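The values are calculated or read from the model by the stated rules, or taken from the named source; none is laboratory data. This structure is a prediction, so every number in the text was calculated from the model and none was measured. Heads up, the Cβs are rebuilt from the backbone with ideal geometry, glycines too, and the neighbour counts pull from every protein chain shown. Just the protein is used for accessible areas: all its heavy atoms, side chains included, with ligands, DNA and RNA removed. Shrake-Rupley method; radii C 1.70, N 1.55, O 1.52, S 1.80 Å.
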Amino acid sequence: MKRKYFGTNGVRGEIGDLFTPTFISKMSSAIAAFMESKGTMVIGSDGRVSSLFVKNSASSSFLASGIEVIDIGMVPTPLVQFAVTHLKTDFGIVITASHNPPQFNGIKVIDQDGIEVDLDKQKKIEDIYDNEQFNFVSWEKNTKVAEIDLKSEYINQITSFVDIDLIKKKKLTSIVDGGNAVGGLITPLLLRKLGVKVHSINCQIDGRFPGRGVEPLPENLETMAQASLFTQADFSVAHDGDADRAIFGDEKGTIFFGDKTIALFQRWILNNEQNRTFVTPISSSNIVVDIAEELGGKIIWTPVGCIYVSRKMIETNSILGGEENGGLFYAPHQSVRDGSMAAALMADILSKTTVGLSELVENLPQYHQKKHKMECSEQLKDIVMNYIMNNVQDAEEISTIDGVKIFFSDGWTLIRPSGTEPILRIFVESDSPEKAQKMLKEGINLINKGIKDSC
Ligand code: MG
């Protein structure tokens, strides 16, 4: 389903470009009209320089449309999602551009169940926007804003899902890198409540993100790695701009990317559960497949995107989901990714083992991945993808959940068209770097043949 304004996670744009006061006001009025101009909503924002203006601009449109606004201040995205279900409001809005550079901002729309609205609802909001079918109320029905601080309630709910006494006894030490963003307002407080000693980095809010790039990528987490090595902290954790993601490091200063953290959660959390299904996007590593086999559980694949994981978890009553970018979904708390919940669960896991985090990760299955992207025009994308599906050789299984994932006996290749650029992305994984390189070469050849054949 093609959408004009909504992307993978809400509507995003650059301030002064797409995100003008007029656009924000019209888009918020369209959301209000979709919600039939009644009821109550929660609004919260990240710590960007522009977030206050965007939030107030959006709030004005909701008030003019007759919707009661509850402003919960500067908070992580998962705290807004918690607030929607905790306060039983009709919907919620998060003003955030997550990991995008500081000049960007965005609007995420949260449904009554705390999960972002689905694609169908996004499309309906866009239609209202395009047709300007707004629904402003008369002056005597204009509503008001209530301000509430829910940080304590949110932290208390998270701590209720871990063994506080055991964690306190373990006397863990941690590094928290907030990225100058809203995660720094929650995770240090949360971990200290659990008796974990916290050394904080970049935990002062600064919407220009001077401490590091706002996305928790390897090149942005050097300081955290060095601090871990220096202090030998039991674990380190870094959040993105709205703290729905968490990337971890061990006591030796090694930062784990990809699927290692989610596999660790899968092994340690699902082992004690009846329902051992793990929900994850099709791009995830075979590590999660191996762990599912070890536990006698199963994997449920989804398209790439956190909304798909959340909705599938609800549909299948699954406890745990995970994304390789550091998204961890724990249903007893809420079926959305939550960086602070992930930090508390990591402390819980480490309180229950006698070995360090580095050893826990070393004991996971080891795979090697490679990535590449290739230019392919919008007109050719579908034709090339069809060619690939019909010309794959030696496949054990092919999945078309999102792009084409080809499972071989010794690894897999995933080819996905980008939703925003004229490119095809190719990911491969195998049990040796040589095999992964060979599979990448074969995948690139297949795409090239598809492009040539289609011209
Ligand atoms: Mg985020």
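General observations
- Per-residue Karplus couplings for segment 205-217, computed as 6.51 cos²θ - 1.76 cosθ + 1.60 with θ equal to phi - 60°, are listed in order as 5, 8, x, 8, 6, x, x, 6, x, 6, 8, x, 9 Hz, Gly and Pro entered as x.
- Taking the centroid of alpha carbons for each part, segment 80-107 and segment 165-232 are 22 Å apart.
- When the Cα gyration tensor is reduced to axis lengths a ≥ b ≥ c, the ratio a/c is 1.5 or higher for the chain, and with a/b not above b/c it is classed as oblate.
- With the simple spin-label model, which puts each label point 7 Å out from Cα in the Cβ direction, the E293 to D382 separation comes to 3.7 nm.
- The amide H of I43, built 1.01 Å from its N in the peptide plane, has I70, D71, I72, I93 as neighbours under 5 Å, considering only residues 5 or more places off or on other chains.
- Fully extending the segment from E219 to K252 would add 10.2 nm, taking 0.36 nm per residue of separation and subtracting the current Cα-Cα distance.
- Partner aspartates and glutamates whose Cα lies under 17 Å from the Cα of K168, excluding those fewer than 8 positions away in the same chain, are identified as D234, D348.
- Lysines with Cα under 16 Å of K452, excluding same-chain neighbours fewer than 8 positions away: K381
- CD proxy at 222 nm, helix term only [per DSSP H run n ≥ 4: -39500 (n - 2.57); per residue of the chain; nearest 500]: -11500 deg cm²/dmol
- Rounded is the label for segment 6-149, because a/c, from the alpha-carbon gyration tensor with a ≥ b ≥ c as root eigenvalues, stays below 1.5.
- Per residue, the accessible area of segment 75-194 comes to 42 Å² when a 1.4 Å probe rolls over the protein heavy atoms.
- Residue ranking by accessible heavy-atom surface, 1.4 Å probe, largest first, among H333, H368 comes out as H368, H333.
- Its Cα centre serving as origin, segment 166-217 has a Cβ charge dipole (Lys and Arg +1, Asp and Glu -1) of approximately 500 debye.
- Once the 1.4 Å probe is applied to the protein heavy atoms, segment 368-454 comes out at 57 Å² accessible per residue.
- Pairs with C-alpha atoms separated by more than 27 Å, drawn from the list K88/K121; K371/K449; K124/K298; K169/K252; K88/K169; K312/K352, are K124/K298; K88/K169; K312/K352.
- Phi angles across segment 254-261 convert, under the Karplus curve 6.51 cos²θ - 1.76 cosθ + 1.60 with θ = phi - 60°, into 3J(HN,Hα) values of 8, 9, 9, 10, x, 9, 5, 5 Hz, Gly and Pro given as x.
- Remark: the chain carries a charge dipole of roughly 420 debye about the Cα centre, counting +1 on each Lys and Arg Cβ and -1 on each Asp and Glu Cβ.
- Inter-label distance, nm, simple model (7 Å from Cα along the C-beta direction), R3/A146: 2.9
- Within a straight-line Cα-Cα reach of under 19 Å, K2 can be paired with the following aspartates and glutamates, leaving aside sequence neighbours fewer than 8 residues apart in one chain: E116, D118, D120, E126, D127, D130, E378, D382, D402, E421.
- Electrostatic tally near V361: other residues with Cβ closer than 9 Å to its Cβ, Lys and Arg +1, Asp and Glu -1, net -2.
- Theoretical FRET efficiency, 1/(1+(r/R0)^6), r = Cβ-Cβ of Q274 and T420, R0 41 Å, to 0.05: 0.50
- Heavy-atom accessible area order for Y5, Y129, Y308, largest first, 1.4 Å probe: Y308, Y5, Y129
- Segment 149-231: C-alpha gyration tensor shape, a/c 1.5 cut-off, then a/b vs b/c: oblate
- Accessible carbon and sulfur surface of the chain relative to its total accessible area, %, 1.4 Å: 48
- Charges were assigned to the Cβ only: +1 to each Lys and Arg, -1 to each Asp and Glu. The resulting dipole of segment 368-439 about its Cα centre is roughly 220 debye.
- Integer Hz, Karplus 6.51/-1.76/1.60 couplings in order for segment 104-118, x for Gly and Pro: 8, 8, x, 10, 9, 9, 9, 7, 3, 8, x, 9, 4, 4, 6
- Taking a point 7 Å out from the Cα of H372 in the direction of its Cβ, the residues of segment 422-455 whose backbone N falls within less than 12 Å of it are 425-428, 436-449.
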